[in-house]
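These notes concern the structure reproduced below.
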Amino acid sequence: MDRERREYSRVEISWPVIIISSKGLIDGEVKNICFEGALIRCSELADVDETLELNTVIPEQDYLSISAGVEIVWSRTLEGEDRSHTRYDLGVRFVEISEEDLQLLSNTVLY
């Protein structure tokens, strides 16, 4: 989705995240977030046609957690200078998130 077409602005953050996929657990970091989705940086690439479960904690809120079902909208490979530390950026869209977690997200970063 083009930035111009986004309904909500994104907030830059740095939250630890665990993605649950058919390949297992993938550790990463949420780099930015909005009501529609997030940018996640991780060391492994999940299957793009799979619905994933995202679990992140909010350090600013006494480590409360948010869980959501997400789908990958786009991905980008980031190679380190020595090409031995490949990382991935994943643009994900929320497909399932509870009202409680949406409210927590709203109270934490979006207002």
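Some points to look at:
- Overall, the chain carries a charge dipole of about 300 debye about its Cα centre when +1 sits on the Cβ of Lys and Arg and -1 on the Cβ of Asp and Glu, all other atoms neutral.
- With the simple model of a label 7 Å out from the Cα in the direction of the Cβ, Ser21 to Glu53 spans 1.6 nm.
- Estimated inter-spin distance, Leu78 and Gln61, nm [label 7 Å along Cα→Cβ]: 2.4 nm
- Candidate values (i) 31, 21, 12; (ii) 22, 15, 15; (iii) 39, 16, 12 were compared with semi-axes √(5λ) of the Cα gyration tensor in Å computed on the shown model; the agreeing label is (ii).
- Most fluctuating residue given options Arg93, Arg76, Arg41, as computed from a GNM of the chain linking Cα atoms under 10 Å: Arg76
- Length released on extending from Thr86 to Arg41, taking residue separation times 0.36 nm less the Cα-Cα span: 15.1 nm
Throughout, read-outs are computed from the coordinates displayed, never taken from laboratory work. In this text the structure is predicted, and so the values were computed from the model without any measurement. Cβ: placed from backbone, ideal geometry, glycine included. Neighbour counts: every protein chain shown.
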